[in-house]
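The structure under discussion appears below in the form of structure tokens.
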Amino acid sequence: MNTVLPAWFLAHGAPIHALDNGPVAAFWQSLPSRLAQTPDAILVISAHWQTATLTLSGCTRHPAIQYDFSGFAEELYRIRWPLPDGRDTGTRVLELLADCGLTPVGEADRAFDHGLWVPLCRAWPEMNIPVFQLSLVDGWQGDDYLQLGKKLAQLRHKNILL
């Protein structure tokens, strides 16, 4: 494993992009082909989840998605996106985070928000890579997130896509 995985910023726009076939969806669908290798896991930070302390979700047998929006087409609320078991890989991700100097609290049963699943369900409609979400932290400022980014960057060398 010599390849360092990228860190992507994926703007998700309106949740309706999970259904349309426009240029945004086409871009998301191209993402897997942009990787030199398949990641062992994907770690997402979404601005839609903020907690008192750094928190990790997805370390559960049946990771789920939530419909944390309203007023969209009913078809959007019927989207199902089965995800692989996150328990074993989640243990590894927690160990890797600890190696980076981070000790998030686990919240295994928190469903993933649309900032995560809308773009990723278009990129990997049949997801076979374990997915995890890391929260933002109440009260953190720019420097706190710069330090977090420096620590998380180490995961790119461990075949974790950020």
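The values are calculated or read from the model by the stated rules, or taken from the named source; none is laboratory data. This is a predicted model, so every value here is computed, not measured. In this analysis, Cβ positions are derived from the backbone assuming ideal geometry, glycine residues included, and neighbour counts consider all displayed protein chains. Each accessible area value is taken on the protein alone, full model and side chains, heavy atoms only, with ligands, DNA and RNA left out. Shrake-Rupley method; radii C 1.70, N 1.55, O 1.52, S 1.80 Å.
Side notes on the structure shown:
- Restricting the stretch 99-110 to residues that are farther than 13 Å from residue 134 by Cβ and either free of Cβ contacts under 8 Å to residues at least 12 places away in the same chain or of a type outside the set (Asp, Glu) (or both), the residue that is most open to solvent (accessible area, probe 1.4 Å): 101
- Single match in 60, 53 (criterion: more than 24 Å from residue 27 (Cβ to Cβ), touching a Pro at 6+ places or on another chain (Cβ under 8 Å) and in a loop (DSSP other than H, G, I, E, B)): 53
- Residue satisfying all of: in the stretch 91-127; basic (Lys, Arg) and under 14 Å from the mean Cα position of the chain (by Cα); nearest to residue 42 (Cα to Cα) among these: 122
- Residues of the stretch 111-154 that turn out to be touching a Gly at 6+ places or on another chain (Cβ under 8 Å), crowded, with 16+ Cβ neighbours inside 10 Å and of a type outside the set (A, V, I, L, M, F, W, C), as a count: 2
- Scanning the stretch 65-90 for residues being over 16 Å from the mean Cα position of the chain (by Cα) and either open to solvent by 60 Å² or more (accessible area, probe 1.4 Å) or under 20 Å from residue 42 (Cα atoms) (or both) gives a total of 8.
- Sole exception among (1) touching a Leu at 6+ places or on another chain (Cβ under 7 Å); (2) touching a residue at least 40 places away in the same chain (Cβ under 8 Å); (3) assigned to a helix (DSSP H, G or I) for residue 94, by number: (2)
- For the stretch 1-37, a tally of residues being open to solvent by 60 Å² or more (accessible area, probe 1.4 Å), within 15 Å of the chain's Cα centre (by Cα) and of a type outside the set (A, V, I, L, M) returns 2.
- Within the stretch 128-162, tally of residues that are closer than 16 Å to residue 7 by Cα and in a helix (DSSP H, G or I): 14
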